[in-house]
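Student: Have a look at this one.
FYI, it's all coordinate maths here, none of it is from the lab. This is a predicted model, so every value here is computed, not measured. Note that each Cβ is placed from the backbone with ideal geometry, even for glycine, and that neighbours are counted across all protein chains shown.
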């Protein structure tokens, strides 16, 4: 009997206080598109992997850059393009999430895509991040080809985002359940205007026992006696990539603050940046349009007052929490490389546990 | 009727999984001493302030340095001595927590204390941190004198630590309840040895509604209708200083990782680094002894393998959580400058709320 | 016979290619004022110290903030207020340069000054930096009082800046010659407009043998047999503070890049960030006006395209070089604490050396 | 008539004061090997590119890690593996220098090489850096294959290092002359022992007019009327990668300090981190051996006292200067893609200019 998977909110479990955007997804930030290429097959190698593309500016990011800021919570991972973002606060390419072993190939493919579309100069330092899917995916089969990267970029769309075992998240494991891609958004009302904050995560981190939802110790309640452990050996290289988008007019230094707040959302679910985790966070803000080079100075819309940041901080925390949960509740049980099986979190049980811990 | 205050654990509320040290305090890390000078009087100015000293190496820190690492979660605050710690990873002075307006005087006093005790060179770049107590304390009366700093340093002791409205925490406010100083510790067993992690916090941050204990929304349940709001105007400059100590043989880069994990403990209680908060964290490790200058190279005990850091990370999260809660549950209602009153969190109500949220 | 001191350029020695501003000083950046309080007396303690104030916005910096960025080249020193600048990129106070032992008192005095002028909130996290003058100044006599800080702030003016043994630079030593305060400026023409870059330095670093001027090894040529060594014991705590100002519309992340370029100017004179040196650099840009809090977003003039930064980088290198040299050539031989004498670099000899190394 | 190229020192031009190691190369640091794969052909694409491998521990770096530290002077470039080095201070792979467009492929190839040699886990986050050779090399022909990476790794040897137009430096341009790979070393005697510091650079940065050697304005003296400009259009993406090695027992935080001092050496030659430059520096220290995981703690040899760092700082400055010059004086005039020609700096003229500027 196939699992009927669902987003956390449709299970009646609401995280946080703020309203969501219409799609409850990073695509609620105007101009942000998401596309996936998902590779699931068993020959000639066991592929359980893929590519997820987050494309700002409806694709015109090379000509109409956004401000961005990076935060490293734990460094056992790779995100390319970060030296330029740290240096200038400019995001000039799409953001790609994929698997560890092929991040280099994917990075070169993004450069080539930019070259084909924009001639010289576009996407020169693209942002590509990875988490490790080697338990379910036969990594050394190198299933991802550059066409898969192009396809994810070409297929990127606004609107609802497919979650769970798709794109870069296909083969991921989270809190010892099946993980993957998740997304969420929040609407923020400040004295300086109304803004949207969206998150998209690729979840591959965490211990079962530390998983909490709204403070309820779900992971302890759904132990390995109930849902089997995915690993027959010590787990490795678990990580989470978190991308934050907002339409607020933030400067680079403010984007960095937003990226750092992803740490707080992650902590509330039960992620503490364990040693072998690559917990790398990037936030970008579409409220200013940066086009180089120009004669004269670059016009900016302005800057959100720092006092108005609190709402965006809270929104980031909530959107990150819900994104991780969406990855968990939409991902399906998967069997892959060498017959390894990773089980999805059972939704009925999850609802029961939550109810037991909340007073009437 | 006087309040009977208590530590959170003595209320039957246990945070986390790991065992505590004998004092459940930062002083469980061998050689770490704590001393307070508390100033509470109404003439000639309304003083609700003080100085808390954390003294490693039983006071011999100038000759027998420890490794340390700093992390900034939010920067609306001051911690002196950080350039040197960022540069070399060496803590060469005691750590002092105090009030915002007098941090400079306190900093100079620590230098003078070092000079009097050790002649030239000791405590040349001392670590002094602040949070703002101007709602209860008449800051511009400048009640703290250098003798108060000396006294806190001289009185530093091992063993149980007085918490709540003492030392630097005297006039602080936390989640719109009375805050102050809190401490806690954890014992960690790793494949590379058994270690202690201790935390001490000066809590002056947070919104009522975001306060959670073990995932229970305590702040929302004990609203302003039940316990009045401390502020008659918008609150300002709320901050938290977190100091982490361990006896593990960590390198500076590892101390920095530990300091960063304080973010996760803070998030689980409900602190997200709001804009006007100075959330500055420092971790130090006594497992290596660094004495400069010497001929030849400095002998080191060694380095904890990074794979063994996870236990220390989890311990940091738990110890930070419990330290904040101890500050809240030991602090007493206080009336100060201009008649402002800040109310302590009511312990009986707290216990009731927690019970309601836990399944039988 | 009194020394006739002079700025380096008036000796016929030109550093770099770019033209200077009218004052060849940091005050060429519109709205930037400089004031000194200089304390030179022998009773009751031997004072050779002081305070230098750099005041942006003609003093209105608390209400009309500037963007700023910090860079640490070496960390054996203190600069307060940096956590806030790193966090938000906002400079909200004047910048004060002074002596090591009293930096705390000076810091508190700036806060008090702000309070007296602006009531609550102004100058809450002021920037105060120090270098060590204990060879000539009786530091533990604590000669600086808060009135001296107020006086430096009140006396800050546009126009020519007094250099050498004045203000915070009074007792400083540079490349084993007498050092002090120096300043310089450059005019930069870019495709995005014409801008001024100014530098002001407090020089207290360096070995004689590493001093170079336009690549000429002046320090080796004017050895200790010609001009005596100032130290009878190993020198200590030598440092350089470098402040960069520009009227270009830079964002915080761009200010940080400018601050980092001070490293290159320093290197060309012969400063390599030795271990006991506090080489702390701050750059600020007046081209945008930031006023918080406001309803709505903060209007910005715009942002200099990154491609136009190269001119500002080169200007920074040149202005830092010339500022250091001006400190050296304007400072006079001084005798101070315990009869220590530090000799000024002899200008005639300097000119001869430079000439010998240049082709006819 | 073929050019007779030579290292700078063999031209009678000595940079700095410290003695060199026996090879005057990064290979003077025991266990450090260097290998190149150089691709120069015209069909099917015009290849002027390659791969340079720097291999610590005689190849056993995956099992016997070294401490390392990273510094970014300017961020318009890519160096993979840096998040892990920033996080833990551990270098666990060889270091590869190559071209911009293929850095991803090269990165994946290093991982695969590690997998083939060491099975799972080795080289999981390899360090690969790039500079742009698209003026001479037909980048989009993708001439580098993974076998070329393997070959550079397999061929890495101790002893003299081939310099100039080899390996990753094959197609590079420096100060508008032909650039490439250069290396140098220094011997340092400290109170804490005698150590070697070696540098290896891939030079692709700089303006002609800013080139200086020992303070002599060589670039202005050898103008475009004498040696033609390589570019028929504005130059792009010029960068320098600097790798520093030492056998001193440095901690990660000390390696970072060493890496930062490369800035000073670069400044003295005339590199100021222009906007489109990826100036990324990495230093590693072989004096401690780090093997994970282990039971118990990791034994360390110790730590160099910070007071002994000054000698290493000076050595770094000198070795970086001489490495850049060696790249310039060993590189030969090259014609490549689309007939572009980049001219080598003429050595006879160089010697004449230097002599004119130095007194007898």
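Student: Given the rotation relating C and A, tell me which residue in C puts its Cβ closest to the axis and the distance in Å.
Tutor: Minimum Cβ distance to the axis, with residue: C:300, 2.
Student: Please report the Cα spread of the range D:6-87 along all three principal axes, rounded to whole Å, starting with the longest.
Tutor: Dimensions of the range D:6-87 along the principal axes of its Cα atoms: 42, 38, 30 Å.
Student: Moving on. Of D:201, C:34, how do they rank once you tally other Cβ atoms within 10 Å and put the fewest first?
Tutor: On the way: D:201 37, C:34 30.
Exposure proxy ranking, most exposed first: C:34, D:201.
Student: What translational D, rounded to a whole number of µm²/s, comes out for the protein assembly as shown from Stokes-Einstein when the hydrodynamic radius is the Kirkwood one over Cα pairs, at 10 °C and 1.306 mPa s?
Tutor: Values: Rh = 32.0 Å.
The calculation lands on 50 µm²/s.
Student: Return the Rg/Rh ratio of the range D:291-360 with Cα-based radii and a Kirkwood Rh. Don't skip to the answer; put the middle values down first.
Tutor: Values: Rg = 22.2 Å, Rh = 17.2 Å.
Dividing the radius of gyration by the Kirkwood radius yields 1.29.
Student: Determine the gain in length on full extension of the stretch residue A:233-residue A:338; use 0.36 nm per residue of separation and subtract their C-alpha separation, reporting nm with one decimal.
Tutor: Numbers: separation 105, 0.36 × 105 = 37.80 nm, distance 1.30 nm.
My answer for the length gained is 36.5 nm.
Student: If you don't mind, another one. With runs of 4+ DSSP H residues as the only contributors, calculate the mean residue ellipticity of chain C at 222 nm using -39,500 (n - 2.57) per run, divided by the residue total and rounded to the nearest 500.
Tutor: Values: 7 runs with 86 residues, N = 360.
That calculation yields -7500 deg cm²/dmol at 222 nm.
Student: Next up: Starting from the Cα of residue C:10, step 7 Å along the direction of its Cβ; do the same at residue A:41; then give the gap between the two resulting points in nm.
Tutor: So the label points at residue C:10 and residue A:41 sit 8.1 nm apart.
Student: log₁₀ I(q)/I(0) of the range D:78-139 at q = 0.12, 0.18, 0.26, 0.28 Å⁻¹, via Debye over equal Cα point scatterers, no solvent, to two decimals?
Tutor: For the range D:78-139, the Cα-only Debye profile gives -0.31, -0.63, -1.04, -1.12.
Student: Treat the count of other C-beta atoms within 10 Å as a stand-in for reagent exposure and order A:209, A:178 from fewest to most. Show your work: numbers first, answer last.
Tutor: Numbers: A:209 16, A:178 30.
Least to most surrounded, the residues fall as A:209, A:178.
Student: Using only alpha-carbon positions, what ratio does the radius of gyration of the range D:287-327 give when scaled by 2.2 N^0.38 Å?
Tutor: Values: Rg = 16.0 Å, N = 41, 2.2 N^0.38 = 9.0 Å.
Cα-based Rg divided by the globular estimate yields 1.78.
Student: Indicate the gyration tensor shape class of the range D:260-314 (rounded, prolate or oblate), computed on the Cα atoms with a ≥ b ≥ c the square roots of the eigenvalues: a/c under 1.5 is rounded; otherwise a/b larger than b/c is prolate and the rest oblate.
Tutor: Working: a/c = 5.08, a/b = 1.96, b/c = 2.59.
Here the range D:260-314 falls in the oblate category.
Student: With the Cα gyration tensor of the range A:126-242 giving a ≥ b ≥ c as the square roots of its eigenvalues, does the rule (a/c under 1.5 for rounded; else a/b larger than b/c for prolate; else oblate) give rounded, prolate or oblate? Don't skip to the end; give the middle numbers.
Tutor: Working: a/c = 2.52, a/b = 1.12, b/c = 2.26.
The shape class here is oblate.
Student: Note the per residue figure in Å³ for the convex hull of the C-alpha positions in the range C:186-296. Kindly include the intermediate steps, with their values, before the conclusion.
Tutor: On the way: hull volume 15.1 nm³, N = 111.
Spread over its residues, the Cα hull of the range C:186-296 gives 136 Å³ apiece.
Student: Continuing with this model, one more query. Could you work out the mean projected area of the convex hull around the alpha carbons of chain A, in square nanometres to one decimal? Mind dumping the intermediate values first?
Tutor: Details: hull surface 70.4 nm².
The orientation-averaged projected area of the Cα hull of chain A comes to 17.6 nm².
Student: Also: Expected output is a single nm value to one decimal: the length gained when fully extending between residue D:154 and residue D:356, i.e. 0.36 nm times separation in residues minus the C-alpha distance. What is it? Mind showing how you got there, number by number?
Tutor: Values: separation 202, 0.36 × 202 = 72.72 nm, distance 4.55 nm.
Here the answer is 68.2 nm.
Student: How large is Rg/Rh for the range A:30-157, to two decimals, with Cα atoms and a Kirkwood Rh? Let's see the in-between values first.
Tutor: Values: Rg = 14.4 Å, Rh = 14.9 Å.
Using Cα coordinates only, the ratio equals 0.97.
Student: Could you work out, residue by residue across D:247-254, how many beta carbons of other chains sit within 10 Å of that residue's beta carbon, and then give the average as an integer? Intermediate results must be reported in sequence, preceding the final value.
Tutor: Numbers: counts 0, 1, 3, 1, 11, 6, 13, 5.
Mean inter-chain Cβ contacts per residue within 10 Å come to 5.
Student: Follow-up question, since we're still on this one. Suppose you put the label 7 Å out from Cα in the Cβ direction; list, shortest first and in nm with one decimal, how far residue A:140 is from each other copy's label.
Tutor: 3.5, 6.8, 7.2
Student: Taking 0.36 nm per residue of sequence separation and subtracting the Cα-Cα distance, how much length would be gained by fully extending the chain between residue A:140 and residue A:17, in nm to one decimal? The partial results should precede the final answer.
Tutor: On the way: separation 123, 0.36 × 123 = 44.28 nm, distance 4.42 nm.
Roughly 39.9 nm would be gained on extension.
Student: Here is a further query. Roughly speaking, what is the centre-to-centre gap between the range D:10-79 and the range C:131-209 when only Cα atoms are used, to the nearest Å?
Tutor: 41
Student: What does the copy distance list look like for residue B:295, label position 7 Å along Cα→Cβ, in nm and ordered from shortest?
Tutor: 4.1, 6.9, 7.4
Student: What nm distances, shortest first, do you get from the label point of residue D:17 to those in the other copies when the point sits 7 angstrom along Cα to Cβ?
Tutor: Computed spacing set for this position: 3.1, 5.8, 6.4 nm.
Student: Testing the spin-label approximation: label points 7 Å from Cα along Cα→Cβ at residue A:349 and residue D:147. State their distance in nm.
Tutor: Here the modelled spin labels are 5.2 nm apart.
Student: So how do A:281, B:313 line up by other beta-carbon neighbours within 10 Å, fewest first? Intermediate results must be reported in sequence, preceding the final value.
Tutor: Numbers: A:281 29, B:313 22.
Fewest to most other Cβ atoms nearby, the residues stand as B:313, A:281.
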